[in-house]
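Beneath this line is the structure, given in structure tokens, with notes to follow.
The values are calculated or read from the model by the stated rules, or taken from the named source; none is laboratory data. These numbers come from a predicted model, not from an experiment. Neighbour counts are summed over all protein chains in view; Cβ atoms, including those assigned to glycine, are modelled from backbone coordinates with ideal geometry. What goes into the accessible areas is simple: the full protein's heavy atoms, side chains included, and nothing from ligands, DNA or RNA. Shrake-Rupley method; radii C 1.70, N 1.55, O 1.52, S 1.80 Å.
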Amino acid sequence: MIVASGGAAGPYLEHVCSSVDTLLAAYKTALDAVGSHHIDIDIEASVPLDLMNQALARLQTERPDVTVGFMLMIQGEDYGMTDVLGVEVLKNAVRNNLRVTVVNAMTMEFPKVSASWADAIINAAIHTLAQMKEIWPNKSDAELRSMLGITPMLGRNFNGNIFEVAHARTVVDWAKQNQIGFLSFWSVARDNGNCAGGTLSPTCSGTSQQEYEFTSVFRTFAV
């Protein structure tokens, strides 16, 4: 189980806690509540980076089995992660000696160039890997791929792009071929075709599909 915080609406622990000690205690409380060893921070707003990464680094010092991931916004398929809310987050993590396990590319709601949304997501992932190479120049390409995560939004995105089941198959195939470390989607509540006419909803995908069809495709990643 992954403990996640942050997101589009928050609230952010990193905004509420004003010191490394209080933030560290909050992370511990969240992890202990469910017995988890993995924490994910979904960065969609500016946060105090030193405060956050110092608290996470201390958490790993005290609990070496804890792994940390960041879900980071994509600027474009031909660019990769945003600078302030992506690249700088990871650079600061390196400066604070934080071990980052997953760089989870939020492959949704970004401008695309390719005709296929699947190709746009894959291109965004490739450019994210290039950014990661600059941040961790001593890691091999295989090591960087093992850190990469991809998380698309099922069906209709807010910007009008539509992630179809066929796109999911293409992305999962690429993820398996490249042996990336993490693959997920937003969200299981949308994994049905109850509003197949293009509706944007938190409870359906807005595209034609069988119930839990995306889940069936994505689960093959672990096989």
Unit charges at the beta carbon, dipole of the chain: most positive-side option, Trp117, Ile162, Thr101: Thr101
Can you compute the FRET efficiency between Ile162 and Ala45 using 1/(1 + (r/R0)^6), with r the Cβ-Cβ distance and R0 = 35 Å? Round to the nearest 0.05. 0.85
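What does the accessible area per residue of the stretch 149-198 come to in Å², with a 1.4 Å probe and no ligands, DNA or RNA counted?
Working: 2150 Å² over 50 residues.
Accessible area per residue, the stretch 149-198: 43 Å².
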May I ask you to derive the relative contact order of the stretch 76-223, considering only C-alpha pairs under 8 Å and at least 6 residues apart, and to give it as an integer percent? 22
Charges at C-beta only: +1 for Lys and Arg, -1 for Asp and Glu. How large is the resulting dipole of the chain about its Cα centre, in Debye rounded to 20? 280
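Just the number, please: carbon plus sulfur as a percent of the accessible area of the chain, 1.4 Å probe, no ligands or DNA/RNA counted. Kindly include the intermediate steps, with their values, before the conclusion.
Values: 5490 of 10260 Å².
Accessible surface attributable to carbon and sulfur in the chain totals 53 percent.
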Given H placed 1.01 Å from N in the peptide plane, which residues other than close sequence neighbours of Met153 have an amide H under 5 Å from its amide H? Trp186
Most fluctuating residue of Ile39, Ile74, Ile150 in a GNM of the chain with Cα springs under 10 Å: which is it? Ile39
Given a 1.4 Å probe, how much area per residue of the stretch 59-124 is accessible, in Å²? 39
Please check: in the Gaussian network model of the chain (C-alpha springs, under 10 Å), which one of Ala55, Ala168, Ala115 has the largest mean-square fluctuation. Ala115
Say we join alpha carbon atoms closer than 10 Å with springs in a Gaussian network model of the chain; which of Gly86, Gly160, Gly76 then has the biggest fluctuation? Gly160
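Assign unit charges at the C-beta atoms only (+1 for Lys and Arg, -1 for Asp and Glu), then state the dipole size of the stretch 95-187 relative to its Cα centre in Debye, rounded to the nearest 20.
Numbers: 9 positive and 7 negative charges, 42 e Å.
For this selection, approximately 200 debye.
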Net length gained if the chain between Ala222 and Glu88 were fully extended (0.36 nm per residue, minus Cα distance): 45.2 nm
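Tell me the relative contact order for the stretch 48-136 as a rounded percent, counting alpha carbon contacts under 8 Å between residues six or more apart.
On the way: 120 pairs, mean separation 32.1, N = 89.
Normalised by residue count, the contact order of the stretch 48-136 is 36 percent.
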Listed candidates [x] 32, 23, 17; [y] 27, 21, 18; [z] 29, 20, 16 - label of the one calculated as semi-axes √(5λ) of the Cα gyration tensor in Å: [z]
